[in-house]
Amino acid sequence: MFQRNCSSTTSATQSSATDGSATEDALPGPKTDDPPTLGPRILGTYSRGLPGPQVMVTGGVHGNEPAGIVAVQRVLAALAAKDAPLRGSLTGIAGNRAGLAQGARYLARDLNRRWVLDDMVALLSRDPAKDTPEDREQRELLHLFAPLLAAATEPLVFIDLHSTSGDGAPFSCMADVIRNRKIAFSLGVPVVLGLEEVIDGSMLGFLCDLGHIGVAIEGGQHDDPATADNHESAIWIALVAAGCLDAADVPDLADHQRRLREVTRGLPPVIEIRHRHVVHDADEPFTMLPGFANFQPVGDAQVVASDSHGDVRTPEAALMMLPRYQPQGEDGYFLARQVSRFWLALSAGLRRSRIDRLVHWLPGVRRDPTRNDHMVLDRERPRAVDVFHLMGYRHRRDEGSGFVFTRRRPDATGLESMPSALQDLLDAAVAAADEA
Ligand SMILES: [Zn+2]
């Protein structure tokens, strides 16, 4: 959607962070009849060269969600105008530039999927001439992230800004590793756990698996002007929570906190995803009934949508999340339930005490014979799922013999480098480009 020419900042990297400067690119106007021009990948970087966390804010990973781009540009401009004493750096990154240019969630496929090793190796092994628009986006993002990941000695902080097609208050999503909690809980908006359990291959999931910090923020409805305001408030609060700024460096911090508190008043602080309604091609047209919003209670077997087979009913009473009021995407809607503070404290304590290492001694649980970090749960013991969640095991796959659980790396220390199969391909591509 932003009609700016691809500028030289596209090749900028974290290491080229300038002293107290930020570049800013205006957001696009309405769609015109001109062929869409891609905006810059790097929206700007702000750093004073002080040691501290490197914060990467991505916006527009879904191309019909430009609010995050507006928000990070505003923060970058304000930091530069104030010459703010930021520790570390803040970099704004555009996600799906091709989608943004056309105001479409995606052109060929969801860019926030397929961040799994096999898919990425296949992508980088292919002739770039055969790339779909999103293949190209992912290829470029991998090349952007690779040197940052390789150089990182502390966890990088990734904040991925999204918006929703339905109405509803802001919330954050994170993989339930302890290191993600500080930033997610600082925002004062509901925290949604377990989306990664039902969605395979998100960008943040990949980065988080390497030991980095990743929080996604849904700022509100795509076209609501308040969505960019909510995102902006979230970025300021996150910069303080990450340790990049002191509260005193953000004079209007209380206003940002109040804004997010007020738009989420009365909502549960933490919920977990229980169900994802997948829309297959054969189910289209999938149409939500009008009027559903995030966090709205729905009953058991309530008709919430229709598809090619007829009525779509909920499998249980729960809270509606992310109802699909846009033509694209395989996520029809999600159902969630509240998680208690007691549960959160208990799960943190269990994991810190390393009792979680004993999870394979539970009845019905066995270690996967070939994959050490995978646990297999008998299909007859569904209640043990809650215990797995307590221990941070969330990613559930039905592999026939049982449910296979894995989890994000639980410890806050220690980073993994990019898998070598991937790094080798990235290095080879760079070498080939240098030669050309
Ligand atoms: Zn999104």
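Derivation of every value follows stated rules applied to the coordinates shown; laboratory data play no part. Remember, it's a predicted structure, so these values are computed and weren't measured experimentally. Every residue, glycine as well, gets a Cβ built from its backbone with ideal geometry; the counts of neighbours run over all protein chains shown.
Once the other residues with Cβ under 14 Å from the Cβ of residue 310 are scored (Lys, Arg +1; Asp, Glu -1), what is the net sum? Combined, the nearby Lys, Arg, Asp and Glu give -3. Each stretch of four or more DSSP H residues adds -39500 (n - 2.57); spread over every residue of the chain, this sum gives -9500 deg cm²/dmol at 222 nm.
Would you mind ranking 405, 388 so that the residue whose beta carbon has the fewest other beta carbons within 10 Å leads the list? If you can, show how the numbers build up before the last one.
Values: 405 25, 388 22.
Taking fewest neighbouring Cβ atoms as first place, the list is 388, 405.
Under the convention that each Lys and Arg Cβ holds +1 and each Asp and Glu Cβ holds -1, the size of the dipole of region 261-386 around its Cα centre is about 980 debye.
Rounded to whole numbers, the Karplus 3J(HN,Hα) couplings from phi for region 215-225 are 10, 9, 10, 8, x, x, 6, 3, 9, 6, x Hz, using 6.51 cos²θ - 1.76 cosθ + 1.60 with θ = phi - 60°, and x at Gly and Pro.
Take peptides 173-181, 115-123 and line them up by average Cβ neighbours within 10 Å, highest first, as a rough protection proxy. Walk me through the numbers before you get to the answer.
Details: 173-181: 23.0, 115-123: 15.9.
Going by the mean number of other Cβ atoms within 10 Å, highest first, we get 173-181, 115-123.
Annotation: amide H of residue 52 within the under-5 Å range of 88, sequence separation 5 or more or interchain, hydrogens built in the peptide plane. Dipole magnitude for region 270-338: computed about the Cα centre from +1 point charges on Lys and Arg Cβ and -1 point charges on Asp and Glu Cβ, it is near 280 debye.
Using only the Cα atoms, what convex hull volume per residue in Å³ does region 8-263 have? Intermediate results must be reported in sequence, preceding the final value.
Working: hull volume 31.7 nm³, N = 256.
Once divided by residue count, the hull of region 8-263 is 124 Å³.
Remark: region 76-158 projects, on average over all directions, an area of 7.3 nm² (convex hull of Cα atoms).
Ratio of Rg to Rh for region 282-331, alpha carbon only, Kirkwood? Rounded to two decimals, Rg over Rh is 0.94.
The fraction of Cα-Cα pairs per 10 angstrom bin, counted from 0 for region 159-267, comes to 15, 47, 33, 5 percent, rounded to whole percents.
Tell me, in nm to one decimal, what length is gained between residue 371 and residue 37 on full extension, where the rule is 0.36 nm per residue of separation less the Cα-Cα distance?
Values: separation 334, 0.36 × 334 = 120.24 nm, distance 4.55 nm.
Computed gain between residue 371 and residue 37 is 115.7 nm.
Under conditions of 4 °C and 1.567 mPa s, region 53-195 yields 78 µm² s⁻¹ as its translational diffusion coefficient, taking Rh as the Kirkwood radius over Cα pairs in the Stokes-Einstein equation. Taking max minus min of the alpha-carbon positions on each principal axis, the chain gives extents of 57, 51, 46 Å, largest first.
Positive end of the dipole of region 62-123 (Cβ unit charges, origin at the Cα centre): among 122, 68, 85, the Cα lying farthest that way belongs to 85. For the chain, a Gaussian network of Cα nodes joined below 10 Å ranks 209, 223, 378 by mean-square fluctuation, and the top entry is 378.
Treating only the Cβ of Lys, Arg, Asp and Glu as charged (+1, +1, -1, -1), what charge dipole size does the chain show about its Cα centre? Round to the nearest 20 debye.
On the way: 45 positive and 58 negative charges, 308 e Å.
Roughly 1480 debye, rounded to the nearest 20.
Across the chain, the mean sequence separation of Cα contacts (distance under 8 Å, 6 or more residues apart), normalised by length, yields a relative contact order of 14 percent.
For region 287-371, the ratio of Cα radius of gyration to the globular rule of thumb 2.2 N^0.38 Å stands at 1.58.
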